[in-house]
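Have a look at the structure below, then the notes.
What follows is calculated from the coordinates using simple rules that are stated; it is not laboratory data. In this text the structure is predicted, and so the values were computed from the model without any measurement. Every residue, glycine among them, receives a Cβ derived from its backbone with ideal geometry; neighbour counts consider all protein chains shown.
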């Protein structure tokens, strides 16, 4: 038999099927056609007739390469321009359709191919209508004939887009996808972006998106995605922050160094518990350790300290005043197993304020010790703007509470800010002490904070080293 083009299709067969025997047809098409002819010659003509797609440039059967005649419609009769035009056309999905579509058809039952042909869908690149090319679905091990082959509510294209295996069941995220879907249409790009945030969780914000009901907003817009984002990386999405009245651009709205998301969840990502935290108020968590000879804080003394701190006239984002003081004893009731000796606050920090000792509380809680200091003339010592303070044992009950609060305030206030603390209020001491009040440099005569320090905490929040 004569084969003018040398592509494997005889001139006689090509002419009987309406093909031009001079054209060299794509090898994949030739292979598939010969299989069809061998299996069911009567079906071959229908097979060829439905294997055509439209390109933006020229209508061309996708089972062969375009030739000069295909370009006549756009005025490209000069054969010298054909190579360039041909390259542009082949760079499109056209050639991908040839290889991909035919590879899928080659593995399908002939009855299914006949059905697709009868419906005029054989040349369609997406039989399921879910946005996934047939050969892409086939490569992922799922049928290209169904949008949701696993029945989990997640379309093949959606699963691939958010990085999941469409051949596996993803019921939980599939339920969210179904709630987001409008009718049977695949999710649009912005909705997929939102679904990706839910699936990936991204630091816990996935559940917040569902909690805030953003997955039911239709359509998903840029504004929706902005409300589903966490611009300050505090673990709370903007929508939740808006409901809470916190600042979505400020990680610690209260200014206490504790992220809004930690407070909302009641713990840090590392599992550090923050009981009774308030997103709208300053919270100060303190772990206490006692030398063997030190008297522990009683429940009544802890209650007194909490009352004092709550009465400081320090403004909070929720309109209230005061600081929530949370006192937690360390391991074994906070009692140290042996006498640590007499050390400076810096030595105590090196020994006890470590990840090994504090565990998940490290860099979250402050550490307050009741232990002897190397300088016996001091009743207490603290790291200014840091997280460790020391109160010496042996003080009267009232003095113990005053010194404990005095040193802890050095941690949270740090250096006095002249923008808020007037020269008169700080003229009696150094940059850390005030004239009178609980931060006085001499004998503490009051549990009150001078107004300038209260204003500094309100404006600046807690200091940090």
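What about residue 292, is it in a loop (DSSP other than H, G, I, E, B), within 19 Å of residue 205 (Cα to Cα) and out of contact with any strand residue (DSSP E or B) (no Cβ under 6 Å at 6 or more places or on another chain)? Considered against the rule, which asks whether it is in a loop (DSSP other than H, G, I, E, B), within 19 Å of residue 205 (Cα to Cα) and out of contact with any strand residue (DSSP E or B) (no Cβ under 6 Å at 6 or more places or on another chain), residue 292 comes out as no.
In segment 211-228, the residue that is farthest from residue 190 (Cα to Cα) out of those that are in a loop (DSSP other than H, G, I, E, B) and in contact (Cβ under 8 Å) with a residue 12 or more places away in the chain is 212.
For residues that are without any contact (Cβ under 8 Å) to a residue 12 or more places away in the chain and within 8 Å of the chain's Cα centre (by Cα), scanning just segment 185-210, find the one that is surrounded by the most Cβ atoms within 10 Å (Cβ to Cβ). So the residue we want is 206.
Among the residues that make up segment 330-345, is at least one of them under 35 Å from the mean Cα position of the chain (by Cα) and either surrounded by fewer than 19 Cβ atoms within 10 Å (Cβ to Cβ) or part of a helix (DSSP H, G or I) (or both)?
So far as segment 330-345 goes, yes, one or more of its residues are under 35 Å from the mean Cα position of the chain (by Cα) and either surrounded by fewer than 19 Cβ atoms within 10 Å (Cβ to Cβ) or part of a helix (DSSP H, G or I) (or both).
Restricting attention to segment 407-423, the residues that are crowded, with 22+ Cβ neighbours inside 10 Å and over 37 Å from the mean Cα position of the chain (by Cα) add up to 3.
Yes/no matrix, rows are residues, columns are (1) at positive phi; (2) touching a strand residue (DSSP E or B) at 6+ places or on another chain (Cβ under 7 Å); (3) assigned to a loop (DSSP other than H, G, I, E, B):
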| site | (1), (2), (3) |
| --- | --- |
| 235 | yes, no, yes |
| 248 | no, no, yes |
| 257 | yes, no, yes |
| 277 | no, yes, yes |
| 280 | no, no, yes |
| 301 | no, no, no |
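Can you spot a residue in segment 308-325 that is in a strand (DSSP E or B) and over 23 Å from residue 458 (Cα atoms)? Scanning segment 308-325 turns up no residue that is in a strand (DSSP E or B) and over 23 Å from residue 458 (Cα atoms).
Among the residues of segment 138-147, those identified as touching a residue at least 24 places away in the same chain (Cβ under 8 Å) and either in a loop (DSSP other than H, G, I, E, B) or surrounded by 20 or more Cβ atoms within 10 Å (Cβ to Cβ) (or both) are 140, 141, 142, 144, 145, 147. Note on segment 233-248: residues that are surrounded by 13 or more Cβ atoms within 10 Å (Cβ to Cβ) and in contact (Cβ under 8 Å) with a residue 24 or more places away in the chain total 9.
Reported count of residues in segment 237-246, each being in a helix (DSSP H, G or I) and closer than 20 Å to residue 196 by Cβ, is 3. Inspection of segment 168-179 finds no residue satisfying the criterion of being surrounded by fewer than 13 Cβ atoms within 10 Å (Cβ to Cβ), within 29 Å of residue 29 (Cα to Cα) and without any contact (Cβ under 8 Å) to a residue 60 or more places away in the chain. Taking the criterion of being buried (at least 22 other Cβ atoms within 10 Å of the Cβ), in contact with a helix residue (DSSP H, G or I) (Cβ under 9 Å, 6 or more places away or on another chain) and under 18 Å from residue 443 (Cα atoms), would at least one residue in segment 358-374 satisfy it? Within segment 358-374, none of the residues are buried (at least 22 other Cβ atoms within 10 Å of the Cβ), in contact with a helix residue (DSSP H, G or I) (Cβ under 9 Å, 6 or more places away or on another chain) and under 18 Å from residue 443 (Cα atoms).
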